[in-house]
Amino acid sequence: MRVPIRQIFGPWQSGFVLDKHMVKSIYVGDDAHGRPRFESLCTEVGQAVFELKYRGNTSRAWPLAQALMTHLFSRWGEPPHMIIPMPPSTVRRWQPVLEVARRLGQLSHLPVLDRLLTKSRANQSMKNLSSKAERVAELSSAFHIAPVPIGWPMTGCNALVLDDLFDTGATLECACRTLRSFGKLRNIYVAALTSS
């Protein structure tokens, strides 16, 4: 899988995106109901995310996890001790980010803490908010830390937060600030499969 990694910056120690989601999108006319139609060309990573997320092709989680393992894990001086998938914005029968996180956990032999970070529903859809500041304001109290099981060694650990799409960075920023306020993690790394 071709992966032209890009670094992303925010309230985390280090973050990367595997690739852009789409190479181009061309308007091809309106459908019978007057809605615009587009022909889109995705990157290889973007196509895998699309098939996983919207076509239910869970086999696409493996190459995405392998790309993360191969291209990102060596970039962190201190390796992560756990993987924290971003809580979903849309409820699905299965969650694409969690599918990739579980495969990555198998490849890296790291635990996947899929219930540590939770998200309450935002009042507005992020698509309706145009600026990053508006999105941060909407999400500022949306994330919460669930109770940690007794005996779980969190203090001084490094966490990898995994998301499927990096747009403005508002969602990852708010999630990482919540994790930082938890006060137990040493380093927080982020990885996103694609960017807009």
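Data overview
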{"quantity": "Selected residue (criterion: nearest to the chain's Cα centre (by Cα)) from residues of the range 6-35 that are more than 21 Å from A191 (Cβ to Cβ) and hydroxyl-bearing (S, T, Y)", "calculated": "S25"}
{"quantity": "Condition broken by S140, with the remaining ones in (1) closer than 28 Å to Q66 by Cα; (2) small (G, A, S); (3) modelled with pLDDT under 85 satisfied", "calculated": "(1)"}
{"quantity": "Test: residue in the range 40-54 that is modelled with pLDDT under 95 and on the phi > 0 side of the Ramachandran plot", "calculated": "no"}
{"quantity": "Residue ranges of strands (runs of 3 or more DSSP E) in the range 17-87 with at least 1 members touching a His at 6+ places or on another chain (Cβ under 9 Å)", "calculated": "36-42"}
{"quantity": "Residue ID - modelled with the highest pLDDT, chosen from residues in the range 88-128 that are of a type in the set (S, T, N, Q) and part of a loop (DSSP other than H, G, I, E, B)", "calculated": "Q95"}
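The values are calculated or read from the model by the stated rules, or taken from the named source; none is laboratory data. Source: prediction; values computed, not measured. Positions of Cβ are backbone-derived with ideal geometry, glycine not excepted, and every protein chain shown enters the neighbour counts.
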